[in-house]
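Enquirer: Structure provided below as structure tokens; questions to follow.
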Amino acid sequence: MSASAYVLIAAAVDGELAGLRRRMNAWVEDEIGRRPVARGRLLGVPVRLMVTGPGTANTVQALTAVLEHIPPHLILLTGCAGAFRQSGLGIGDVGVADEEIDAHLGLEPMRAGDPPEALPFPVITVDGVPVKGRYPLSRWWAKTAVDALLRATDEVSGSSPAGIRVMRGPFLTVSTITATDRGAEARYRHHGACMEAMEGSGAAHVACRYGVDLLEVRAASNLVGRRRRDAWNLDLAFERATWAVLTILDRCGPLMLEKMP
């Protein structure tokens, strides 16, 4: 393993990484892309933690700066998300993405309320496959992470949240958070995603462009639909996302180290 091999753990806001930062051993702060980056180890795995800021523009700028400066072996995107109730996920549950869908990329639909129609040309080509708005993520890492999380929840352990559900599936990236039940129903019907957030497609685009694997793991802070701010639970989502990342590092750390150049 080279001295520079590491896992980049990124999230939109500081609260999503605070629990991980507290667990890091003797971390130091660097600056990349005019953003602070904490460098150290988590459960024996060399990592860097970076707050990108919310939205795809922030995410693309932040990750591009890192990948141009010192490319990671793996990007682990984490934090909170909205869960589509139709998927069966609830607040505090964990989703692992095997695909990222850009909800707003494409042509204006002919019928109001439909999602954008596919562009007549790809925005990027991945392994010879044209991508027009549905970005492939590493299915191997997604399956490996889900298996690790499910094993943790099946075992009798005080460190595993009781009653937590873990699901693997597509995530939907939006520029505007869905705030009506009608909108949530339409987006689930059109895309079949289990979670909605604001950074994933940007991260996926950069990861595909630079040929770096992306693993996206989020915990639900709310249900997608009519906005009831008092029903959101950001603290629980931050806690569960932190648990998920630490569990993956703990159980998959040897694999990560083995695959690092």
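Enquirer: Please compute the net charge surrounding VAL206, taking Lys and Arg as +1 and Asp and Glu as -1 over other residues with Cβ under 15 Å from its Cβ.
Expert: Every neighbour counted, the sum reads -4.
Enquirer: Label-point separation (nm) for ASP114 and LYS143, each offset 7 Å from Cα along Cα-to-Cβ?
Expert: Between ASP114 and LYS143, the label points sit 3.5 nm apart.
Enquirer: I've got another one for you. So how strong a dipole does the chain carry about its Cα centre when Lys and Arg Cβ are +1 and Asp and Glu Cβ are -1, to the nearest 20 debye?
Expert: 260
Enquirer: Which one, TRP232, THR242, THR144, projects farthest toward the positive side of the charge dipole computed for the chain from Cβ point charges (K/R +1, D/E -1)?
Expert: Value: TRP232.
Enquirer: Whole number in Å², please: accessible area per residue of the range 154-219, 1.4 Å probe, ligands, DNA and RNA not counted.
Expert: 45
Enquirer: Based on the alpha-carbon gyration tensor of the chain and its eigenvalue square roots a ≥ b ≥ c, which shape applies: rounded if a/c is under 1.5, prolate if not and a/b is larger than b/c, or oblate?
Expert: oblate
Enquirer: Let me ask something else about it. Could you tell me what percent of the accessible area of the range 23-162 is made up of carbon and sulfur, with a 1.4 Å probe and every protein chain present?
Expert: Its accessible area is 53 percent carbon and sulfur atoms.
Enquirer: Suppose we keep just the alpha-carbon trace of the range 49-184; what are its Rg and Dmax in angstrom?
Expert: 17.2, 53
Enquirer: For ILE124, list long-range residues whose amide hydrogen, built 1.01 Å from N in the peptide plane, is under 5 Å from its own amide hydrogen.
Expert: Hits under the 5 Å cutoff: VAL131.
Enquirer: Let me check I've understood the local charge: for ALA57, count other residues with C-beta under 15 angstrom from its C-beta, Lys and Arg +1, Asp and Glu -1. What total comes out?
Expert: Computed value for this residue: 0.
Enquirer: Still on this structure, I have one more. Net charge near LYS143: determine it from the other residues with C-beta under 9 Å of the C-beta of LYS143, scoring Lys and Arg +1 and Asp and Glu -1.
Expert: Combined, the nearby Lys, Arg, Asp and Glu give 0.
Enquirer: Treating the beta-carbon of each Lys and Arg as +1 and of each Asp and Glu as -1, no other charges, what is the dipole magnitude of the range 1-145 about its Cα centre, to the nearest 20 debye?
Expert: 500
Enquirer: Can you give me the accessible area per residue for the range 98-138, using a 1.4 Å probe, in Å²?
Expert: Value returned for the range 98-138: 60 Å² of accessible area per residue.
Enquirer: Modelling each spin label as a point 7 Å along the Cα-to-Cβ direction, I'd like the ASP235/ILE177 distance in nm, to one decimal.
Expert: Taking the two extended label points, one gets 1.8 nm.
The values are calculated or read from the model by the stated rules, or taken from the named source; none is laboratory data. Please read all numbers here as calculations on a predicted model, not as lab measurements. As a convention, Cβ positions derive from the backbone with ideal geometry for all residues, glycine included, and neighbour counts pool all protein chains shown. With ligands, DNA and RNA removed, areas are computed over all heavy atoms of the protein, side chains included. Shrake-Rupley method; radii C 1.70, N 1.55, O 1.52, S 1.80 Å.
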